[in-house]
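Just so it is clear, none of the values below were taken in a lab; they were calculated from the coordinates. A quick note: this is a predicted structure, and the numbers were derived from the prediction, not measured. Positions of Cβ are generated from backbone atoms using ideal geometry, with glycine treated the same way; all protein chains shown enter the neighbour counts.
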Amino acid sequence: MPAARAIRAVVTGVVQGVGFRDATQRRARELGVLGWVRNGDDGSVVVRAEGSSEAIDTLVAFLHKGPQGAVVEHVSIEPFKVEGHEQFAIRGVSAGVFVVQQHAATARHFDLRLQLDGIMRSWAVPKGPSLDPSDKRLAVQVEDHGLEHNSFEGATGTGGVIVWDRGSYEQGGRVPWPEALERGHAVFVLHGQKLAGGFVLQRTGPARAKAQWLLLKRRDEHARPGSDVVVEQPASVVSGRTLEDVLGGR
């Protein structure tokens, strides 16, 4: 459906914990409306929606009522620009786990892994991730790994590994996953002990073995321009050891 109109809606009242997001997603998909819904930090439900004017009006009418169990007190609506979403997603819901392991092998690097469909999609990041949005970190796609590798830490035959950071992540962007990865532009949000907020993986060439990507930090409240989190926080989030400790047998 051509997107002729877009809105941002904020619904307040008893609207969290009553299935409001799931019901909104179902109704939006029935109407052919695209965008997203998420819970706000203040107890509200926030909706970004785009579609035909008639479909948007119908969705707004649903938001004023809500699903069974909801008590809608107010719905604020403001026009928004059409962004070209290709799905209607629920934001703020974990898509699985992520881990960043620092690895000393033939060369030192960091491995970023994101859980998707029961496996860990993996990228080798030579300089490690950054919280500075101006940094463009090379990320080379490598073979998928099993979830059992996520907690490994210690010496290896060629060096050593530490779990530098870990946590959960959300899939973001206008395109649904895993199609976003297949197209070469994937937006996601990390909830780690060191890394937080929005990130982007942008492929710089054709899809192939060991394809090259850029790992970028988005400009949000978690961005830290001028920082170097790899240098500032070198220790494992599991053991407190650094990679040098592991390599030295400590």
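Which stretch or stretches of region 207-250 have amide N atoms under 17 Å from the point lying 7 Å from Ser94's Cα along the Cα→Cβ direction?
Output list for this probe position: 238.
Can you give the angle from 0 to 90° between the axis of helix 20-31 and the longest principal axis of the chain, with both taken from C-alpha atoms, to the nearest 10?
Once rounded, one gets 70 degrees.
At R0 = 22 Å, how high is the FRET efficiency between Ser168 and Val140 if r is their beta carbon distance? Nearest 0.05 is fine.
Approximately 0.35, to the nearest 0.05.
In region 194-238, which trypsin sites (Lys or Arg not before Pro) are in a loop and have at most 14 other Cβ atoms within 10 Å, using DSSP for the loop call?
Hits after loop and neighbour filter: Arg208, Lys210, Arg219.
Let me see the pair-distance distribution of the chain: every alpha carbon pair, 5 Å bin width, integer percents in order.
Each 5 Å bin holds this share of Cα pairs: 1, 6, 12, 15, 15, 13, 11, 9, 7, 5, 3, 1, 0, 0.
Quick one: if the Förster radius is 41 Å, what FRET efficiency do Arg208 and Val71 give, using the C-beta to C-beta distance and rounding to 0.05?
0.15
Quick one: length gained pulling Asp132 to Ser53 fully straight, 0.36 nm per residue minus the C-alpha distance?
So the chain would gain 24.5 nm between Asp132 and Ser53.
Could you compute how fast region 57-126 diffuses translationally, taking Rh as the Kirkwood radius over C-alpha pairs and applying Stokes-Einstein at 25 °C with viscosity 0.890 mPa s? Give it in µm² per second. Mind showing how you got there, number by number?
Working: Rh = 16.9 Å.
The estimated diffusion coefficient comes to 145 µm²/s.
If you look for lysine pairs in the chain that are eight or more places apart or on different chains, how many of them have Cα atoms under 22 Å apart?
8
Can you pull out the GluC sites (Glu not before Pro) in region 1-98 whose DSSP state is coil and whose Cβ has at most 15 other Cβ atoms within 10 Å?
Taking region 1-98 and a limit of 15 other Cβ atoms within 10 Å, the loop GluC sites (Glu not before Pro) found are Glu83, Glu86.
For the Cα atoms of the chain, what angle does the longest principal axis make with the long axis of helix 53-65, in degrees from 0 to 90, nearest 10?
Taking Cα atoms only, the helix is inclined about 90 degrees.
Quick one: the Cα spread of region 1-112 along its three principal axes, in angstroms, biggest first?
Cα spread of region 1-112 along its principal axes, largest to smallest: 60, 33, 22 Å.
Please go through region 144-243 and write out the chymotrypsin sites (Phe, Trp or Tyr not before Pro) that DSSP classes as loop and that have at most 15 other C-beta atoms within 10 Å. Let's see the in-between values first.
Numbers: sites: Phe152, Trp164, Tyr169, Phe188, Phe199, Trp213; in loops: Phe152.
Sites meeting the loop and neighbour criteria: Phe152.
Can you give the relative contact order of region 183-250 as a percent, counting alpha carbon pairs under 8 Å and 6+ residues apart?
21 percent
Quote to one decimal, in nm, the extra length available between Glu86 and Arg8 on full extension: 0.36 nm per residue of separation minus the C-alpha distance between them.
Working: separation 78, 0.36 × 78 = 28.08 nm, distance 1.67 nm.
Computed gain between Glu86 and Arg8 is 26.4 nm.
Could you check how many percent of all C-alpha pairs in region 41-167 are farther apart than 23 Å?
Roughly 54 percent, rounded to a whole number.
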